[in-house]
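The values are calculated or read from the model by the stated rules, or taken from the named source; none is laboratory data. Every value quoted in this text rests on a predicted model; they were computed, and no experiment measured them. Cβ placement follows ideal geometry from the backbone for every residue including glycine, while neighbour counts extend to all protein chains displayed. Please note that ligands, DNA and RNA were not included when accessible areas were found on the heavy atoms of the full protein model with its side chains. Shrake-Rupley method; radii C 1.70, N 1.55, O 1.52, S 1.80 Å.
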Amino acid sequence: MKPPDTNDTAQRLWLRVFGTCLAVVATLLLWTVLTPPFQGDLTRIGRLSETAFGPNVQAPATDPALRLSSALDEADVLVIGDSFSAPLRWQAVLVAQGLKVATVHWEMLGPVCADLESTLRRQGFHSRTVVIESVERALADRLDRSLACATRRDPHPLQTRQMAPRDHETAGVFGLNTRESLFTGLLTTRHTWRALHANAPEVVNRHDGAEQVRIQRMTDGCQRFSHRACDRGLFFAQDRTAPPFSPALVERMQRLSARHPGLAITWLVVPNKTSIYLEPDRAASIGAVLETTGLGPDLFSHFVHLSRQTRDLYSPNDTHTSTAGHQALGQRLIDWLDRPMHR
(Lines give C-alpha, C1' and ligand atoms only; values in the text may rest on other atoms or scores of the structure.)
Protein backbone atom coordinates (compact mmCIF):
# COMPACT_ATOMS: atom_id res chain seq x y z
CA MET A 1 0.00 0.00 0.00
CA LYS A 2 1.36 3.39 -1.06
CA PRO A 3 1.90 5.73 1.93
CA PRO A 4 0.01 9.06 1.76
CA ASP A 5 1.90 11.93 0.24
CA THR A 6 2.66 14.39 3.03
CA ASN A 7 2.80 17.30 0.60
CA ASP A 8 -0.61 16.45 -0.89
CA THR A 9 -2.16 16.20 2.57
CA ALA A 10 -0.75 19.57 3.64
CA GLN A 11 -1.87 21.13 0.38
CA ARG A 12 -5.43 19.84 0.78
CA LEU A 13 -5.51 21.09 4.38
CA TRP A 14 -4.24 24.49 3.28
CA LEU A 15 -6.88 24.67 0.54
CA ARG A 16 -9.63 23.78 3.02
CA VAL A 17 -8.46 26.49 5.44
CA PHE A 18 -8.14 29.02 2.64
CA GLY A 19 -11.56 28.14 1.24
CA THR A 20 -13.16 28.38 4.67
CA CYS A 21 -11.55 31.77 5.34
CA LEU A 22 -12.54 33.01 1.90
CA ALA A 23 -16.14 31.90 2.45
CA VAL A 24 -16.27 33.64 5.84
CA VAL A 25 -14.81 36.88 4.43
CA ALA A 26 -17.16 36.76 1.43
CA THR A 27 -20.15 36.21 3.74
CA LEU A 28 -19.18 39.11 5.99
CA LEU A 29 -18.52 41.34 2.99
CA LEU A 30 -21.87 40.50 1.39
CA TRP A 31 -23.58 40.99 4.78
CA THR A 32 -22.12 44.50 5.07
CA VAL A 33 -22.81 45.44 1.44
CA LEU A 34 -26.48 44.45 1.81
CA THR A 35 -26.86 46.31 5.13
CA PRO A 36 -28.51 49.68 4.32
CA PRO A 37 -26.00 52.54 4.66
CA PHE A 38 -26.27 54.66 7.78
CA GLN A 39 -28.25 57.87 7.24
CA GLY A 40 -28.39 59.16 10.83
CA ASP A 41 -25.64 59.80 13.32
CA LEU A 42 -27.25 57.65 16.03
CA THR A 43 -27.60 54.60 13.79
CA ARG A 44 -24.04 55.15 12.58
CA ILE A 45 -22.52 55.58 16.05
CA GLY A 46 -24.56 52.75 17.54
CA ARG A 47 -24.30 50.43 14.52
CA LEU A 48 -28.08 50.10 14.42
CA SER A 49 -30.32 49.20 11.50
CA GLU A 50 -31.70 51.96 9.30
CA THR A 51 -34.50 49.56 8.37
CA ALA A 52 -35.61 49.50 12.01
CA PHE A 53 -34.78 53.06 13.04
CA GLY A 54 -34.80 55.18 9.87
CA PRO A 55 -37.73 57.60 9.28
CA ASN A 56 -40.65 56.34 7.22
CA VAL A 57 -42.39 59.63 6.46
CA GLN A 58 -41.54 62.07 3.73
CA ALA A 59 -39.68 65.09 5.05
CA PRO A 60 -40.94 68.49 3.88
CA ALA A 61 -38.78 69.78 1.08
CA THR A 62 -36.46 72.77 1.41
CA ASP A 63 -35.83 74.80 -1.73
CA PRO A 64 -32.12 74.26 -2.53
CA ALA A 65 -31.93 77.83 -3.85
CA LEU A 66 -32.60 79.08 -0.30
CA ARG A 67 -29.92 76.93 1.33
CA LEU A 68 -27.00 79.27 0.80
CA SER A 69 -24.70 81.45 2.82
CA SER A 70 -23.78 85.01 1.89
CA ALA A 71 -20.33 86.53 2.24
CA LEU A 72 -19.73 88.45 5.46
CA ASP A 73 -19.53 91.82 3.72
CA GLU A 74 -22.98 91.24 2.16
CA ALA A 75 -24.81 89.72 5.14
CA ASP A 76 -27.74 91.15 7.08
CA VAL A 77 -27.43 88.37 9.67
CA LEU A 78 -24.41 86.42 10.86
CA VAL A 79 -25.03 82.94 12.25
CA ILE A 80 -22.40 81.31 14.45
CA GLY A 81 -23.54 77.72 14.71
CA ASP A 82 -22.78 74.02 14.98
CA SER A 83 -24.06 70.95 13.14
CA PHE A 84 -27.66 72.14 13.54
CA SER A 85 -26.75 75.15 11.39
CA ALA A 86 -24.35 73.47 8.94
CA PRO A 87 -27.04 72.13 6.54
CA LEU A 88 -28.40 75.71 6.14
CA ARG A 89 -31.97 74.43 6.41
CA TRP A 90 -33.34 76.66 9.15
CA GLN A 91 -31.51 79.65 7.66
CA ALA A 92 -33.54 79.05 4.48
CA VAL A 93 -36.57 80.43 6.34
CA LEU A 94 -34.69 83.72 6.85
CA VAL A 95 -33.46 83.77 3.25
CA ALA A 96 -37.05 83.31 2.06
CA GLN A 97 -37.88 86.53 3.93
CA GLY A 98 -35.28 88.40 1.88
CA LEU A 99 -32.46 88.36 4.43
CA LYS A 100 -28.87 87.68 3.47
CA VAL A 101 -27.47 85.22 5.97
CA ALA A 102 -23.81 84.34 6.50
CA THR A 103 -23.09 81.14 8.45
CA VAL A 104 -19.82 80.44 10.25
CA HIS A 105 -19.21 77.18 12.09
CA TRP A 106 -17.96 77.17 15.68
CA GLU A 107 -14.97 75.13 14.52
CA MET A 108 -14.00 77.92 12.11
CA LEU A 109 -14.48 80.73 14.62
CA GLY A 110 -13.31 79.05 17.79
CA PRO A 111 -14.47 80.74 21.02
CA VAL A 112 -16.48 83.97 20.82
CA CYS A 113 -13.63 86.15 22.02
CA ALA A 114 -13.90 89.70 23.33
CA ASP A 115 -12.66 91.05 19.98
CA LEU A 116 -15.47 89.46 17.95
CA GLU A 117 -16.87 92.78 16.73
CA SER A 118 -13.51 94.10 15.54
CA THR A 119 -12.81 90.77 13.85
CA LEU A 120 -16.11 90.98 11.97
CA ARG A 121 -15.70 94.65 11.02
CA ARG A 122 -12.28 93.98 9.54
CA GLN A 123 -13.90 91.47 7.23
CA GLY A 124 -16.59 93.91 6.14
CA PHE A 125 -19.56 92.83 8.26
CA HIS A 126 -21.71 95.99 8.47
CA SER A 127 -24.82 94.69 10.22
CA ARG A 128 -25.39 94.36 13.97
CA THR A 129 -27.51 91.18 13.97
CA VAL A 130 -25.63 88.10 15.16
CA VAL A 131 -27.30 84.79 16.00
CA ILE A 132 -25.28 82.43 18.18
CA GLU A 133 -26.66 78.90 17.88
CA SER A 134 -25.56 76.02 20.10
CA VAL A 135 -27.02 72.66 20.97
CA GLU A 136 -27.80 72.41 24.70
CA ARG A 137 -25.16 69.80 25.56
CA ALA A 138 -22.27 71.90 24.16
CA LEU A 139 -23.37 75.29 25.50
CA ALA A 140 -21.60 75.26 28.89
CA ASP A 141 -18.21 74.41 27.42
CA ARG A 142 -18.54 76.99 24.63
CA LEU A 143 -19.53 79.71 27.09
CA ASP A 144 -16.62 78.94 29.42
CA ARG A 145 -14.08 78.98 26.60
CA SER A 146 -15.55 82.17 25.14
CA LEU A 147 -15.56 84.08 28.42
CA ALA A 148 -11.91 83.11 28.93
CA CYS A 149 -10.90 84.37 25.48
CA ALA A 150 -9.79 87.95 24.88
CA THR A 151 -8.37 87.77 21.36
CA ARG A 152 -8.93 85.40 18.48
CA ARG A 153 -5.56 83.82 17.77
CA ASP A 154 -6.35 82.26 14.41
CA PRO A 155 -4.86 84.62 11.77
CA HIS A 156 -7.00 83.22 8.96
CA PRO A 157 -10.13 85.16 7.93
CA LEU A 158 -13.52 83.65 8.67
CA GLN A 159 -14.94 81.64 5.80
CA THR A 160 -18.71 81.42 5.48
CA ARG A 161 -20.32 78.28 4.13
CA GLN A 162 -21.30 79.14 0.57
CA MET A 163 -23.71 76.27 -0.05
CA ALA A 164 -25.27 73.43 1.82
CA PRO A 165 -23.67 69.97 1.79
CA ARG A 166 -25.24 67.46 -0.54
CA ASP A 167 -27.64 65.22 1.32
CA HIS A 168 -31.07 63.68 1.03
CA GLU A 169 -34.39 64.77 2.44
CA THR A 170 -36.53 61.74 1.65
CA ALA A 171 -37.41 58.72 3.73
CA GLY A 172 -36.14 55.29 2.86
CA VAL A 173 -33.18 56.27 0.66
CA PHE A 174 -31.02 53.15 0.76
CA GLY A 175 -28.41 51.55 -1.46
CA LEU A 176 -25.49 49.17 -1.38
CA ASN A 177 -23.21 49.77 1.60
CA THR A 178 -19.68 50.01 0.18
CA ARG A 179 -18.01 52.39 2.66
CA GLU A 180 -18.10 50.46 5.93
CA SER A 181 -15.79 47.90 7.48
CA LEU A 182 -15.97 44.16 6.98
CA PHE A 183 -17.76 43.54 10.29
CA THR A 184 -20.34 46.35 10.00
CA GLY A 185 -23.14 44.06 8.83
CA LEU A 186 -22.55 41.55 11.63
CA LEU A 187 -22.28 44.26 14.31
CA THR A 188 -25.36 46.07 13.04
CA THR A 189 -27.42 42.88 13.16
CA ARG A 190 -26.15 42.02 16.63
CA HIS A 191 -26.72 45.50 18.11
CA THR A 192 -30.15 45.84 16.50
CA TRP A 193 -31.30 42.43 17.76
CA ARG A 194 -30.20 43.38 21.28
CA ALA A 195 -31.96 46.76 21.05
CA LEU A 196 -35.22 45.21 19.87
CA HIS A 197 -35.35 42.17 22.14
CA ALA A 198 -34.02 43.41 25.47
CA ASN A 199 -36.58 43.37 28.26
CA ALA A 200 -35.05 46.35 30.05
CA PRO A 201 -36.71 49.76 29.53
CA GLU A 202 -33.35 51.14 28.40
CA VAL A 203 -30.45 49.57 26.51
CA VAL A 204 -27.11 51.37 26.43
CA ASN A 205 -24.88 50.88 23.41
CA ARG A 206 -21.18 51.16 24.27
CA HIS A 207 -18.08 51.52 22.11
CA ASP A 208 -14.46 51.61 23.34
CA GLY A 209 -15.78 51.51 26.89
CA ALA A 210 -17.88 54.68 26.52
CA GLU A 211 -21.65 55.03 26.32
CA GLN A 212 -22.73 56.08 22.83
CA VAL A 213 -26.44 55.52 22.20
CA ARG A 214 -29.35 54.90 24.55
CA ILE A 215 -32.27 52.88 23.20
CA GLN A 216 -35.26 53.91 25.31
CA ARG A 217 -38.69 52.30 25.43
CA MET A 218 -41.39 54.93 24.80
CA THR A 219 -45.06 54.31 25.50
CA ASP A 220 -46.05 57.02 23.01
CA GLY A 221 -43.14 56.47 20.64
CA CYS A 222 -45.28 55.67 17.61
CA GLN A 223 -47.10 59.00 18.01
CA ARG A 224 -43.73 60.80 18.13
CA PHE A 225 -41.66 58.94 15.52
CA SER A 226 -42.25 57.14 12.23
CA HIS A 227 -39.55 54.45 12.27
CA ARG A 228 -40.50 50.78 12.19
CA ALA A 229 -39.39 50.09 15.79
CA CYS A 230 -41.19 53.21 17.00
CA ASP A 231 -41.82 51.85 20.51
CA ARG A 232 -38.12 52.47 21.06
CA GLY A 233 -36.33 55.79 20.63
CA LEU A 234 -32.64 56.46 20.00
CA PHE A 235 -30.89 59.12 22.10
CA PHE A 236 -27.32 60.37 22.30
CA ALA A 237 -25.68 59.24 25.55
CA GLN A 238 -23.86 62.58 25.96
CA ASP A 239 -27.21 64.30 26.41
CA ARG A 240 -27.26 62.81 29.92
CA THR A 241 -23.62 63.48 30.83
CA ALA A 242 -23.17 67.06 29.57
CA PRO A 243 -24.34 70.00 31.73
CA PRO A 244 -28.03 70.75 31.02
CA PHE A 245 -29.36 74.20 30.28
CA SER A 246 -29.77 76.14 33.54
CA PRO A 247 -30.08 79.67 34.99
CA ALA A 248 -26.32 79.64 35.64
CA LEU A 249 -25.73 79.40 31.91
CA VAL A 250 -28.12 82.28 31.29
CA GLU A 251 -25.98 84.50 33.50
CA ARG A 252 -22.90 83.57 31.46
CA MET A 253 -24.76 84.26 28.22
CA GLN A 254 -25.67 87.73 29.50
CA ARG A 255 -22.02 88.43 30.40
CA LEU A 256 -20.88 87.32 26.97
CA SER A 257 -23.46 89.46 25.17
CA ALA A 258 -22.52 92.47 27.29
CA ARG A 259 -18.94 92.29 26.00
CA HIS A 260 -20.17 93.16 22.50
CA PRO A 261 -22.29 96.35 22.81
CA GLY A 262 -22.00 97.07 19.09
CA LEU A 263 -23.68 93.80 18.16
CA ALA A 264 -27.31 92.75 18.67
CA ILE A 265 -26.78 89.13 19.74
CA THR A 266 -29.62 86.62 19.73
CA TRP A 267 -29.01 83.27 21.39
CA LEU A 268 -30.49 80.18 19.79
CA VAL A 269 -30.17 77.28 22.24
CA VAL A 270 -31.34 74.07 20.57
CA PRO A 271 -32.60 71.53 23.12
CA ASN A 272 -31.10 68.07 23.30
CA LYS A 273 -33.32 65.41 21.80
CA THR A 274 -33.31 63.74 25.22
CA SER A 275 -34.65 66.91 26.87
CA ILE A 276 -37.65 67.15 24.55
CA TYR A 277 -38.76 63.51 24.57
CA LEU A 278 -37.57 62.11 27.90
CA GLU A 279 -37.49 65.22 30.13
CA PRO A 280 -40.37 67.33 28.76
CA ASP A 281 -41.42 68.81 32.12
CA ARG A 282 -37.92 70.12 32.80
CA ALA A 283 -37.53 71.34 29.23
CA ALA A 284 -40.86 73.16 29.23
CA SER A 285 -40.00 74.99 32.43
CA ILE A 286 -36.44 76.17 31.75
CA GLY A 287 -36.60 77.80 28.32
CA ALA A 288 -38.82 80.73 29.31
CA VAL A 289 -35.90 82.45 31.05
CA LEU A 290 -34.32 83.06 27.63
CA GLU A 291 -37.27 85.16 26.50
CA THR A 292 -37.76 86.95 29.80
CA THR A 293 -34.13 88.08 29.80
CA GLY A 294 -34.32 89.07 26.12
CA LEU A 295 -31.54 86.70 25.10
CA GLY A 296 -33.47 84.76 22.49
CA PRO A 297 -36.51 82.66 21.67
CA ASP A 298 -37.59 79.77 23.89
CA LEU A 299 -37.17 76.64 21.79
CA PHE A 300 -37.58 74.31 24.77
CA SER A 301 -41.28 74.72 25.51
CA HIS A 302 -41.97 75.32 21.81
CA PHE A 303 -40.36 72.04 20.78
CA VAL A 304 -42.03 70.11 23.62
CA HIS A 305 -45.37 71.34 22.27
CA LEU A 306 -44.50 70.61 18.64
CA SER A 307 -43.11 67.14 19.41
CA ARG A 308 -46.59 66.10 20.58
CA GLN A 309 -48.12 67.21 17.30
CA THR A 310 -45.38 66.43 14.76
CA ARG A 311 -43.95 63.01 14.08
CA ASP A 312 -40.19 63.12 13.59
CA LEU A 313 -39.66 66.66 14.86
CA TYR A 314 -36.24 65.22 15.63
CA SER A 315 -35.14 62.51 13.22
CA PRO A 316 -35.60 59.05 14.78
CA ASN A 317 -32.13 57.93 13.69
CA ASP A 318 -30.35 61.20 14.46
CA THR A 319 -29.57 63.66 17.25
CA HIS A 320 -30.66 66.56 15.05
CA THR A 321 -34.02 68.01 14.17
CA SER A 322 -35.64 66.86 10.95
CA THR A 323 -36.42 69.22 8.09
CA ALA A 324 -39.74 69.94 9.83
CA GLY A 325 -37.82 70.80 13.00
CA HIS A 326 -35.42 73.05 11.11
CA GLN A 327 -38.32 74.93 9.56
CA ALA A 328 -39.97 75.35 12.97
CA LEU A 329 -36.68 76.65 14.37
CA GLY A 330 -36.25 79.16 11.54
CA GLN A 331 -39.81 80.44 11.87
CA ARG A 332 -39.42 80.82 15.62
CA LEU A 333 -36.31 82.94 15.06
CA ILE A 334 -38.03 85.08 12.42
CA ASP A 335 -40.88 85.76 14.85
CA TRP A 336 -38.33 86.74 17.50
CA LEU A 337 -36.39 89.07 15.23
CA ASP A 338 -39.61 90.70 14.04
CA ARG A 339 -40.56 91.79 17.57
CA PRO A 340 -40.47 95.62 17.89
CA MET A 341 -37.53 95.61 20.31
CA HIS A 342 -35.40 93.78 17.74
CA ARG A 343 -36.20 95.91 14.69
*Are any residues in the stretch 221-271 of a type in the set (A, V, I, L, M, F, W, C) and in contact with a Cys (Cβ under 9 Å, 6 or more places away or on another chain), and if so, which ones?*
222, 230
_Within the stretch 19-50, considering residues that are surrounded by 17 or more Cβ atoms within 10 Å (Cβ to Cβ) and β-branched (Val, Ile, Thr), the one modelled with the lowest pLDDT_ = 32
*asked:* Among (1) open to solvent by 50 Å² or more (accessible area, probe 1.4 Å); (2) under 17 Å from residue 264 (Cβ atoms); (3) in a helix (DSSP H, G or I), there is one condition residue 99 misses while meeting the rest; what is its number?
replied: (3)
*What do you reckon, is residue 82 open to solvent by less than 60 Å² (accessible area, probe 1.4 Å), at pLDDT 90 or above and acidic (Asp, Glu)?*
yes
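If you check residue 301 against the conditions, is it more than 20 Å from residue 131 (Cβ to Cβ) and either out of contact with any helix residue (DSSP H, G or I) (no Cβ under 6 Å at 6 or more places or on another chain) or surrounded by 15 or more Cβ atoms within 10 Å (Cβ to Cβ) (or both)? Outline the logic, then answer.
Numbers: more than 20 Å from residue 131 (Cβ to Cβ): no; either out of contact with any helix residue (DSSP H, G or I) (no Cβ under 6 Å at 6 or more places or on another chain) or surrounded by 15 or more Cβ atoms within 10 Å (Cβ to Cβ) (or both): yes.
Considered against the rule, which asks whether it is more than 20 Å from residue 131 (Cβ to Cβ) and either out of contact with any helix residue (DSSP H, G or I) (no Cβ under 6 Å at 6 or more places or on another chain) or surrounded by 15 or more Cβ atoms within 10 Å (Cβ to Cβ) (or both), residue 301 comes out as no.
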*Which of the residues belonging to the stretch 244-261 are open to solvent by 20 Å² or more (accessible area, probe 1.4 Å) and more than 26 Å from residue 316 (Cβ to Cβ)?*
246, 247, 248, 251, 252, 254, 255, 257, 258, 259, 261
_Residues located in the stretch 231-270, provided they are assigned to a loop (DSSP other than H, G, I, E, B), in contact with a helix residue (DSSP H, G or I) (Cβ under 8 Å, 6 or more places away or on another chain) and either under 22 Å from residue 199 (Cα atoms) or β-branched (Val, Ile, Thr) (or both)_ = 231
*Residue that is farthest from residue 254 (Cα to Cα) [pool: residues in the stretch 271-294 that are assigned to a helix (DSSP H, G or I), polar (S, T, N, Q) and open to solvent by less than 60 Å² (accessible area, probe 1.4 Å)]*: 274
_Suppose we filter the stretch 200-230 for residues that are assigned to a loop (DSSP other than H, G, I, E, B), closer than 21 Å to residue 54 by Cβ and open to solvent by less than 60 Å² (accessible area, probe 1.4 Å); how many remain?_
7
*Hey, does the stretch 126-142 have a residue that's at pLDDT 95 or above, loosely packed, with under 14 Cβ neighbours inside 10 Å and farther than 17 Å from residue 79 by Cα?*
yes
_I'd like the residue in the stretch 59-75 that is more than 30 Å from residue 119 (Cβ to Cβ) and under 19 Å from the mean Cα position of the chain (by Cα) and, out of all such residues, is most open to solvent (accessible area, probe 1.4 Å)._
61
*Would you say residue 127 is of a type in the set (Ser, Thr, Tyr) and in a loop (DSSP other than H, G, I, E, B)?*
yes
